[in-house]
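In what follows, a single structure is set out as structure tokens and then discussed.
The values are calculated or read from the model by the stated rules, or taken from the named source; none is laboratory data. These numbers were taken from a predicted model, which means no experiment stands behind them. Methodologically, a virtual Cβ is constructed for each residue, glycine included, from the backbone with ideal geometry; neighbour enumeration extends over all protein chains shown. Only protein heavy atoms, including side chains, enter the accessible area calculation; ligands, DNA and RNA are left aside. Shrake-Rupley method; radii C 1.70, N 1.55, O 1.52, S 1.80 Å.
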Amino acid sequence: MERPWLIDIDAIGIDGDDTLWHSERHFSVTEERFAELLAPWAPAEDLAARLLHTERSNLAVFGYGVKAFVISMIETAIEVTGGDLPVGAIEEIIGWGKELHTHPTVVLPGVVDALSSAAGRRLILVTKGDLFHQESKVAASGLADRFEAIEIVSEKDPATYAAVLKRHGVAPERFVMIGNSVRSDVLPLVELGGRAVHVPHEVTWGHEMSDAAPDDAAWWRVPSLGAALG
Ligand SMILES: [Mg+2]
């Protein structure tokens, strides 16, 4: 029997980071290094909370992505050290940012088969973050030609999705979005009257965390992209 989220659907949106390829684990490793670097000034837990706070307050100014993350780390480090942060530490943080930008893009297990199973459907990649970095990841993933369109957006809110759907001539009730973030890939679609499928990933950024329970009329949770498209 066909999955309820695929019935009468004209197009399927799929998220990029941590849905098609690894992303957050690279950030987690960097956060661990950041905690080690600042251990003389702050315990790891306090630091994580302060960094998340800085990242959230910088979102409206810098948007998402590695560059914003680097600035937030430097800003947090300056605060935590009371201005005593050595220049060498700033250099180190900037170096981590460069590494994050040049990491190989590793496609998640099962993704290629899942996309193959959906061949013939209208697939739209909807990914948010730094334009340059996202373009590189899309190209490096080798998945671009599986999609009818690639949308790189600066925020995933109802207005952005409404604009994307309008651009592609798809009514919200005939669209389903699949992704690893309830906040970014699920709730905005539900608000628009569309459908969504949450495919959780092993690591989730604090800002994207949600305990929300699925609502079987509007959104569902499945263990893999294959299960979402199958
Ligand atoms: Mg994602």
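Restricting attention to the stretch 80-102, the residues that are farther than 26 Å from S23 by Cβ, in a helix (DSSP H, G or I) and open to solvent by 50 Å² or more (accessible area, probe 1.4 Å) add up to 1. For the stretch 40-52, does any single residue satisfy the condition of being free of Cβ contacts under 8 Å to residues at least 24 places away in the same chain and within 24 Å of T127 (Cα to Cα)? No: the stretch 40-52 contains no residue that is free of Cβ contacts under 8 Å to residues at least 24 places away in the same chain and within 24 Å of T127 (Cα to Cα). With respect to being over 26 Å from Q134 (Cα atoms) and hydrophobic (A, V, I, L, M, F, W, C), L38 fits the description.
Within the stretch 44-62, how many residues turn out to be closer than 13 Å to G206 by Cβ and either out of contact with any helix residue (DSSP H, G or I) (no Cβ under 6 Å at 6 or more places or on another chain) or open to solvent by 60 Å² or more (accessible area, probe 1.4 Å) (or both)? It would help to see each step written out before you state the result.
First pass over the stretch 44-62, keeping only residues closer than 13 Å to G206 by Cβ: 45, 47-56, 59.
Within this subset, residues satisfying the condition of being either out of contact with any helix residue (DSSP H, G or I) (no Cβ under 6 Å at 6 or more places or on another chain) or open to solvent by 60 Å² or more (accessible area, probe 1.4 Å) (or both) are 45, 48-50, 53, 56, 59.
Of the residues in the stretch 44-62, 7 are closer than 13 Å to G206 by Cβ and either out of contact with any helix residue (DSSP H, G or I) (no Cβ under 6 Å at 6 or more places or on another chain) or open to solvent by 60 Å² or more (accessible area, probe 1.4 Å) (or both).
The residues in the stretch 103-116 that are open to solvent by less than 70 Å² (accessible area, probe 1.4 Å) and either part of a helix (DSSP H, G or I) or hydroxyl-bearing (S, T, Y) (or both) can be counted, and the count is 6. When S141, S116, S136 are screened for being touching a Phe, Trp or Tyr at 6+ places or on another chain (Cβ under 8 Å), polar (S, T, N, Q) and farther than 29 Å from A49 by Cα, only S141 passes.
Highlighted here are the strands (runs of 3 or more DSSP E) found entirely within the stretch 117-230 that include at least 2 residues which are more than 26 Å from E2 (Cβ to Cβ) and touching a residue at least 12 places away in the same chain (Cβ under 8 Å): 122-128, 149-153.
Annotation: of all residues in the stretch 10-43 being in contact with a helix residue (DSSP H, G or I) (Cβ under 6 Å, 6 or more places away or on another chain) and farther than 27 Å from P104 by Cα, the one that is farthest from the ligand (Cβ to nearest atom) is W41. Filtered by the rule that a residue be of a type in the set (F, W, Y) and closer than 17 Å to H101 by Cβ, the stretch 36-82 gives F62, Y64, F69.
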